[in-house]
1. List the number of the failed condition for residue B:77; all other conditions in (1) within 29 Å of residue B:138 (Cα to Cα); (2) more than 9 Å from chain A (Cβ to nearest Cβ); (3) touching a residue at least 12 places away in the same chain (Cβ under 8 Å) hold.
2. Would you say residue A:161 is more than 7 Å from chain B (Cβ to nearest Cβ) and among the hydroxyl-bearing types (Ser, Thr, Tyr)?
3. Quick one: which helices (runs of 4 or more DSSP H) sit completely within segment B:202-262 and have at least 1 residues that are surrounded by fewer than 22 Cβ atoms within 10 Å (Cβ to Cβ) and at the interface with another protein chain (Cβ under 8 Å from one of its Cβ atoms)?
4. Out of the helices (runs of 4 or more DSSP H) lying entirely within segment A:172-256, which hold 2 or more residues that are of a type outside the set (Phe, Trp, Tyr) and touching a residue at least 12 places away in the same chain (Cβ under 8 Å)?
5. Would you check which residues across segment A:174-189 are within 12 Å of residue A:94 (Cα to Cα), more than 10 Å from chain B (Cβ to nearest Cβ) and surrounded by 13 or more Cβ atoms within 10 Å (Cβ to Cβ) and list them?
6. Residues that are closer than 30 Å to residue B:173 by Cα, in contact with a helix residue (DSSP H, G or I) (Cβ under 9 Å, 6 or more places away or on another chain) and modelled with pLDDT under 95, at least 2 per element: which helices (runs of 4 or more DSSP H) completely within segment A:1-69 meet that?
7. Are any residues in segment B:117-131 β-branched (Val, Ile, Thr) and buried (at least 19 other Cβ atoms within 10 Å of the Cβ), and if so, which ones?
8. Answer yes or no as to whether residue B:19 is exposed (fewer than 14 other Cβ atoms within 10 Å of the Cβ), in a helix (DSSP H, G or I) and more than 8 Å from chain A (Cβ to nearest Cβ).
Amino acid sequence: MRKPRKDKAGIMLAAPMGLWVTLFFAVPLLIIVTYSFLKKGLYGGVEWEPSFDAYRQVLDPDFIAVTLRTLWTSILATLTCLALALPTAYAIARSRHQTLFLFLTIIPFWTSSLIRIYAWINLLSTEGLVNNILLALGIIKEPLHLIYNLFAVILVLVYMYLPFAILPLFTAFDRFDFTLVDAARDLGSSKLGALVRIMLPSVRSGITTALVFTAIPVFGAYTVPLLVGGMGSTMVGNIIVDQVQKTRNWPLASAFSVILTLVSLIGVLTVLRGGRKDKKSKEVRT
Amino acid sequence: MRKVHAPRFSQLCLFFVMLFLFMPLIVVAAYSFNSGHGMTWQGFSLQWYEELFTSSHDLWRAFWNSIIIALTSSLTATVIGSAAAIGLKWWSFKLSGYIKVATYLPMILPDVIIGISMLIFFSSINLPLGMFTIYAAHTTFNLPFTYLLVDSRLDEFDFSTIEAARDLGEDRKGAMLRVVVPSIMPGVLSGFLMAITMSIEDFVITFFVSGPGSATLPLYVYSSIRYGVSPVINALSLILILASMALAFIFRRFLKSFAASA
């Protein structure tokens with residue numbers, strides 16, 4: 001590794017990006033943080049008067065209920081993603097057709113999110129394909145309510161974010177040396193014991209990454225609850241948007257955004273710390 | 001060495017997960033050839049494709065808006081992101097940590113936060129929403145990708161090639177243009193393509209920062225889902241699915257490194 005240089009050329013190269021992200025990301029984020037501590041203006045906007053009103057409003061029982069539901073929904077969707085992704089990523093990593101399966105995982109991931117949600121509406125709605133088939137087969141007499149409820153939100157969230165869980169897990173399994181499992185089994189370990197004691201510790205950081213990078217977008221979901229959810233399945237993302245577009249309560253929307261940002265940052269820091277620990281333990285081993 | 005067999009349970013999971021991932025897409029694609037409106041099959045027909053290509057003016061305007069935004073924002077993000085990757089990798093200065101964090105974060109934070117904070121920012125400075133605000137937002141969320149892909153390319157760069165070029169009489173600028181730029185080009189190009197994909201597919205952030213007349217393709221799809229779906233959307237879906245397949249095919253050699261960076 002070369003010693004870093006100290007003349008002005010470096011900052012000149014980085015300055016345009018630095019200015020850009022300052023103007024269009026850091027400043028807007030600071031504005032939101034500031035607004036969350038101000039009073040709501042009479043006709044939208046804010047009044048420059050410090051206040052904790054917004055954070056007090058966050059604690060309103062109705063909002064608490066939505067926050068708890070968001071938490072519960074995200075936990076359920078994230079764990080389902082992980083439960084499906086673990087064996088899938090393992091199978092892809094051990095398959096002879098890795099590239100093919102990665103290709104198949106990435107196609108839905110790169111297809112417009114609205115198209116994917118729309119596809120599920122086609123399947124789940126009252127006149128959708130699932131109900132049509134079940135009615136035609138005589139299994140049900142009346143169409144089932146498969147959409148505009150919490151079930152649909154969780155199902156479609158799992159669908160949307162499953163690739164987010166599969167890809168980092170695949171990377172972790174792919175880097176794992178599977179001969180170690182064979183060695184453990186030769187030394188008398190059971191198959192499950194070998195997987196749990198030998199493989200699990202080395203893919204742990206992959207699991208954390210998958211968990212956090214699925215949980216963050218799920219927790220901040222907006223489009224899925226909007227399009228396939230009902231009255232009883234709104235999430236925090238929907239509250240934020242409603243506060244901006246309908247109620248025009250910028251401080252409250254800002255307060256919710258600040259909370260969502262903090263939760264996401266805590267998640268990311270957990271992953272980074274895990275990664276650093278991994279690196280250290282590897283350095284010790286070699 | 002013993003022949004390695006993936007255990008049956010995980011293979012079964014793989015099969016069902018793939019089925020789960022593709023079933024909705026296949027259904028949409030199949031029904032784009034349905035001559036009826038709903039989800040009951042009424043015979044094969046290409047009428048929705050005909051309508052898509054001949055009489056969907058709003059859709060095509062949205063499509064061209066998407067293309068203009070994708071090209072301009074990806075180009076901006078690629079140029080300033082690549083330059084910054086070089087500057088941050090080979091020089092050390094005070095603000096470098098801040099610039100890196102402020103570039104990464106938009107990739108990690110939920111889209112709603114990015115969209116709402118920009119909306120409030122643009123409203124606070126009285127900037128009318130439209131093509132420019134969409135361009136600014138897209139460049140911002142494209143930057144982490146263009147920056148990171150060049151940054152990881154620079155990790156593999158052999159610095160002695162610059163010294164060799166300097167020994168052979170190139171000045172600093174010449175070494176930069178004729179040695180560094182060609183060797184990071186694959187990273188620059190994949191960053192650019194990645195940015196185009198992200199830009200064309202974004203809905204949430206665009207939803208907040210768009211104004212009248214600046215609807216992009218996802219916004220058009222959104223309003224047709226909300227306010228009466230025409231099966232033309234099915235036809236459009238198949239074309240978009242094929243586009244992402246083509247893209248994944250172009251990227252087939254990088255899929256593994258993409259999985260590692262995702």
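The values are calculated or read from the model by the stated rules, or taken from the named source; none is laboratory data. Model, not experiment: these values are computed from the prediction. Because the Cβ atoms are built from the backbone with ideal geometry, glycine has one as well, and the counts that use them run over all protein chains shown.
1. Unmet for residue B:77, out of (1) within 29 Å of residue B:138 (Cα to Cα); (2) more than 9 Å from chain A (Cβ to nearest Cβ); (3) touching a residue at least 12 places away in the same chain (Cβ under 8 Å): (2).
2. yes
3. Passing ranges, in order: B:217-226, B:232-250, B:255-261.
4. Once the helices (runs of 4 or more DSSP H) in segment A:172-256 are filtered for at least 2 residues that are of a type outside the set (Phe, Trp, Tyr) and touching a residue at least 12 places away in the same chain (Cβ under 8 Å), what remains is A:179-186, A:200-219, A:223-228, A:236-245.
5. Matches in segment A:174-189: A:176 only.
6. A:9-21
7. B:120
8. It is true that residue B:19 is exposed (fewer than 14 other Cβ atoms within 10 Å of the Cβ), in a helix (DSSP H, G or I) and more than 8 Å from chain A (Cβ to nearest Cβ).
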